[in-house]
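A.B. asks: Would you mind keeping the following structure in view while I ask a few things?
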Amino acid sequence: MCRLRVLNGTKNQLTSLPSLNNNPEQNNVEVLYLSGNELGNDVLDVVAGYTRLQILHLAYNQLTELYDRQVTGWLVQTASENFRFLFNRLVFWGLL
């Protein structure tokens, strides 16, 4: 069983994250601090797999697109509003 709950990868020049474990029960990360890296939009697919995520900081990265279904999915599954995407080049795509 993976006991990792908090991952602080702030300011590490990260360009990607490792793939999730095939067993969803092993993806227990609740807090991800990833600000100040070089992460692009593909990181959002990995982050979406952390179903217990409560805090996500992705400020100062290379994100350019964020879809409302991603944000809504995170808020619904986590009941949290602590997501930070400041200082990226984001375009918010609302899908109704």
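A.B. asks: Neighbour counts of other C-beta atoms within 10 Å: give me Tyr50, Tyr33 arranged from fewest to most.
C.D. replies: Going from sparsest to densest Cβ surroundings: Tyr33, Tyr50.
A.B. asks: Excluding Ser16 itself, what net charge comes from residues whose Cβ is under 11 Å from its Cβ, given Lys and Arg +1 and Asp and Glu -1?
C.D. replies: Once all neighbours under 11 Å are counted, the net charge is -3.
Computed from the coordinates by the stated procedures, all read-outs in this text should not be read as laboratory data. From a predicted model like this one, the values you see are computed outputs, not experimental measurements. Every residue, glycine as well, gets a Cβ built from its backbone with ideal geometry; the counts of neighbours run over all protein chains shown.
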